[in-house]
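To keep things clear, I will list the structure first and then write my remarks on it.
The values are calculated or read from the model by the stated rules, or taken from the named source; none is laboratory data. In this text, all values refer to a predicted model and were calculated from it rather than measured experimentally. Glycine gets a Cβ as well: all are built from the backbone with ideal geometry, and neighbour counts include every protein chain shown.
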Amino acid sequence: MDVIKTIEERRSIRKFQDKTVSKEIIEKILELTTKAPSGKNRQPWRFIVLQDRRKDELVSLMKFSLNRDKKQNKSTGSFELSINSINWCCYTNITFSSTGF
């Protein structure tokens, strides 16, 4: 693998296809994610994959929070863009760190 080429050709995806991702692919992505380095090799990750109704519930909660913050004139940064991205995805992955970071 050419690391420099890989870094130079890296890209962000902000538009998604309306396709279902198989459980096997999701599990493989999560398995590969755990290969990333972690401080002192603690590997503190915990994953939650949300699809369908559960993902929609998350989007609803996020929209409620966004609207509340807007009414209180609080800064929302790119929160609305995050909501839209999650809403367009067929699933979303929430990653928690058990170390609090």
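The residue of the range 67-101 that is surrounded by the fewest Cβ atoms within 10 Å (Cβ to Cβ), among those that are part of a loop (DSSP other than H, G, I, E, B) and modelled with pLDDT under 85, is Gly100.
Looking at the range 30-66, which of its residues are free of Cβ contacts under 8 Å to residues at least 40 places away in the same chain, in a helix (DSSP H, G or I) and hydrophobic (A, V, I, L, M, F, W, C)? Leu32, Leu58, Val59, Leu61, Met62, Phe64, Leu66 - these are the residues of the range 30-66 that are free of Cβ contacts under 8 Å to residues at least 40 places away in the same chain, in a helix (DSSP H, G or I) and hydrophobic (A, V, I, L, M, F, W, C).
Among the conditions (1) surrounded by 14 or more Cβ atoms within 10 Å (Cβ to Cβ); (2) at pLDDT below 90; (3) not hydroxyl-bearing (Ser, Thr, Tyr), Arg10 misses just one, which is (1). The residues of the range 13-29 that are hydroxyl-bearing (Ser, Thr, Tyr) and either loosely packed, with under 10 Cβ neighbours inside 10 Å or part of a helix (DSSP H, G or I) (or both) amount to a single one, Ser22.
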